[in-house]
Amino acid sequence: MTGRTVVIGGGAAGIAAARTLHDAGREVLLIEAADRLGGRAQSVRLPTGHVVDHGCGWLHSAKRNPWTAIAEQAGFTIDRRSPNWQVQWNDLGFPPDRKRASGEAYARFEDAAMAALDGPDRPLSDFVASDDPWRPMIDAISGYANGAALAEVSLHDWAAYENAATDDNWAVVEGYGTVVVHHATAVPVKTGVTATRIDHRGQTIRIETSAGTIEADHVIIAVPTTVLAEGKLSFDPPRLAKQDAAAALPLGIADKVFLSVEGSLPWPAHAHLTGNPYSACTASHRLSPFGWPIVESFFGGPCAEGLEEDGAAAAFAIDELVGLLGSAWRRRFAPLDATRWRQVPLIGGSYSHAKVGQAGARQILAEPIDGRIFFAGEACSRDDFSTAHGAYETGVAAAHAIVQLAAPA
């Protein structure tokens with residue numbers, strides 16, 4: 001039987017790894033630097049009493065997403081209604097002919113990109129003309145999906161995700177982050193413990209942490225790429241290839257603003273508005289998730305980066321909504337909450353994208369060291385990166401690899 005495994009990082013990947021080992025009867029300890037579990041899966045309760053997700057909020061590719069079954073088995077409520085991202089409520093500011101033209105432009109971009117897959121890697125910006133009137137909208141979509149502008153995103157990396165993803169996107173009423181954290185039930189956990197160095201020179205791995213040295217036979221590292229790229233977690237002997245791979249997979253940015261809405265609502269649950277379809281800096285507004293009297297406004301990429309100043313994103317979201325709904329609506333909106341993932345310690349972003357020419361960095365990052373140190377996290381997934389289910393699958397795979405070490409030959 002294998003000895004003790006320490007899992008570093010209590011997000012979706014770390015929780016999945018630790019839970020898998022625990023359920024297999026292995027000795028495991030999960031350590032997390034923050035004072036909470038979940039990482040970029042974080043559900044919070046608004047002043048209105050509604051639970052919303054600061055981080056991942058959609059069960060992407062829901063029918064094959066393992067968190068779907070986990071949520072159902074734990075008794076959480078899954079809403080299978082469409083997110084309506086392709087629908088502009090009441091056609092406000094985006095009439096059907098314009099909506100159709102936008103969709104056709106995106107299809108041309110996608111076709112051109114996919115047709116170039118057999119060639120060298122290129123930035124996604126190569127596949128839409130700079131003077132295309134729908135270039136700003138396509139760049140906005142890249143901000144939502146990749147957390148980065150078209151010019152920063154690898155074609156080969158983007159295509160791997162697009163070819164694997166399905167269009168079923170469902171939501172959890174109690175919060176996706178709630179489901180992820182609940183999965184850690186019964187797993188031995190220490191929060192507020194920051195790992196800084198892994199000494200793997202001897203037979204026993206020594207992990208230097210803010211709470212002292214922890215010894216282990218195996219380690220699963222499930223931290224954001226920023227932690228490795230910036231050397232906040234180092235190795236002895238050094239593993240520069242891991243640091244380089246993490247640096248090639250930077251975290252883009254996606255932030256949310258939550259607004260309360262006063263009075264009766266004219267739209268149904270999960271209605272949607274794109275703020276300005278002619279701008280690369282615009283929000284995707286989710287109107288009344290689950291029928292609640294709130295709006296969740298989503299910003300991505302450079303647009304989110306430019307609205308990090310306190311209150312700026314909420315003001316921007318309200319201005320966009322009032323521009324579509326009319327001036328009388330301004331008094332009906334009030335800011336409730338906002339995220340700034342770039343500022344969160346030991347995270348520093350939302351989800352990874354590969355730099356141009358660096359799609360192979362995911363495999364390098366995921367490769368184990370000496371059969372004793374394993375890596376997990378959304379950035380280690382070859383085609384489900386940027387998602388909680390990609391993180392989950394890499395965590396489970398790392399745990400299974402450790403379990404197999406003790407399996408009969």
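The values are calculated or read from the model by the stated rules, or taken from the named source; none is laboratory data. From a predicted model like this one, the values you see are computed outputs, not experimental measurements. Positions of Cβ are backbone-derived with ideal geometry, glycine not excepted, and every protein chain shown enters the neighbour counts. Accessible surface is based on the protein model in full, side chains and every heavy atom, while ligands, DNA and RNA are left aside. Shrake-Rupley method; radii C 1.70, N 1.55, O 1.52, S 1.80 Å.
Determine the gain in length on full extension of the stretch Ala69-Ala328; use 0.36 nm per residue of separation and subtract their C-alpha separation, reporting nm with one decimal.
Values: separation 259, 0.36 × 259 = 93.24 nm, distance 4.36 nm.
Fully extending the segment from Ala69 to Ala328 adds 88.9 nm.
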Specify the residue with the greatest mean-square fluctuation among Asp139, Asp370, Asp168, computed from a Gaussian network of the chain linking alpha-carbon atoms under 10 Å apart.
Asp370
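Would you kindly calculate the mean projected area, averaged across all directions, of the convex hull enclosing the Cα atoms of region 1-105, in square nanometres?
11.1 nm²
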Dipole size in debye (nearest 20) for region 57-175 around its Cα centre, Lys and Arg Cβ +1, Asp and Glu Cβ -1?
360 debye
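Taking a ≥ b ≥ c as the square roots of the eigenvalues of the Cα gyration tensor of region 145-257, is the shape rounded (a/c under 1.5), prolate (a/b larger than b/c) or oblate?
Numbers: a/c = 2.36, a/b = 1.37, b/c = 1.72.
In terms of gyration-tensor shape, oblate.
Give me the accessible area per residue for the chain, probe 1.4 Å, as a whole number in Å². Walk me through the numbers before you get to the answer.
Working: 16650 Å² over 409 residues.
So the chain comes to 41 Å² accessible per residue, rounded to a whole number.
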Scanning the chain, every Cys lacking a C-beta partner under 4.7 angstrom -> Cys56, Cys380
So for R0 = 41 Å, FRET eff. of Tyr278-Arg206 from the Cβ-Cβ r, to 0.05, ends up at 0.15
Return the label of the correct value of Rg/Rh (Cα atoms, Kirkwood Rh), as calculated from the structure shown, out of [x] 0.98; [y] 1.05; [z] 0.96.
[x]
Residue (of Pro266, Ser352, Leu325) at the positive-pole extreme of the chain, dipole from beta-carbon charges:
Pro266
Rounded FRET efficiency, nearest 0.05, which uses the C-beta distance separating Asn90 from Ala315 and R0 of 30 Å:
0.80
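Calculate the tail of P(r) for region 31-83: the fraction of all Cα-Cα distances greater than 15 Å, expressed in %. Don't jump to the answer; show the numbers that get you there.
Working: 831 of 1378 pairs.
It works out to 60 percent of all Cα pairs.
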With unit charges on the beta carbons (Lys and Arg positive, Asp and Glu negative) and the dipole taken about the Cα centre of region 179-283, which residue among Cys281, Ile221, Thr191 sits farthest to the positive side?
Ile221
Could you work out which residue, out of Thr339, Thr213, Thr20, moves most in a Gaussian network model of the chain, that is, has the largest mean-square fluctuation with Cα springs under 10 Å?
Thr213
Could you please tell me the mean projected area of the C-alpha convex hull for region 71-167, averaged over all directions and given in square nanometres to one decimal?
8.2 nm²
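What is the extension gain from Arg81 to Leu117, computed as 0.36 nm multiplied by their sequence separation minus the C-alpha to C-alpha distance, in nm to one decimal?
Values: separation 36, 0.36 × 36 = 12.96 nm, distance 3.33 nm.
Full extension from Arg81 to Leu117 adds 9.6 nm.
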Label-to-label distance, nm, for residues given as Thr185 and Asp217 (7 Å Cα→Cβ offset):
2.9 nm
Over 27 Å between C-alpha atoms is what I'm after, so list which of Lys232/Lys355; Lys190/Lys355; Lys63/Lys256; Lys242/Lys355; Lys256/Lys355 land there.
Lys190/Lys355
Mind telling me which of Thr68, Thr178, Thr191 comes out most flexible in a GNM of the chain, alpha-carbon contacts under 10 Å?
Thr191
Where does region 143-199 land on Rg(C-alpha)/(2.2 N^0.38 Å)?
1.73
Spatially proximal aspartates and glutamates relative to Lys99 (Cα-Cα < 20 Å; intrachain offsets below 8 disregarded)
Asp91, Glu110, Asp111, Asp131, Asp132, Asp139, Asp167, Glu320
Dipole magnitude of the chain about its Cα centre, charges +1 at Lys/Arg Cβ and -1 at Asp/Glu Cβ only, in debye to the nearest 20?
720 debye
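Work out, step by step, the length gained on full extension between Val44 and Asp167: first 0.36 nm times the residue separation, then minus their alpha carbon distance; give nm to one decimal. Present the calculation step by step, with values, prior to reporting the outcome.
On the way: separation 123, 0.36 × 123 = 44.28 nm, distance 2.63 nm.
Taking Val44 through Asp167 to full extension adds about 41.6 nm, to one decimal.
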Accessible area of the chain belonging to carbon and sulfur atoms, whole % at 1.4 Å probe:
51 percent
Between Asp370 and His400, with labels modelled 7 Å along Cα→Cβ, what's the label distance in nm to one decimal, could you check?
2.6 nm
Along principal axes, Cα extents of region 233-345, largest first, whole Å:
63, 28, 24
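Quick one: compute a quarter of the convex hull surface over the Cα atoms of region 1-61 and quote it in nm².
Numbers: hull surface 22.6 nm².
With every direction weighted equally, the projected area is 5.6 nm².
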Kirkwood-Stokes translational diffusion coefficient of region 280-409, alpha-carbon pairs, 20 °C, 1.002 mPa s, µm²/s
119 µm²/s
Could you give me the ³J(HN,Hα) list for region 154-163, computed from phi with Karplus coefficients 6.51, -1.76, 1.60 and θ = phi - 60°, whole Hz, x at Gly and Pro?
6, 4, 5, 5, 4, 5, 4, 5, 4, 6
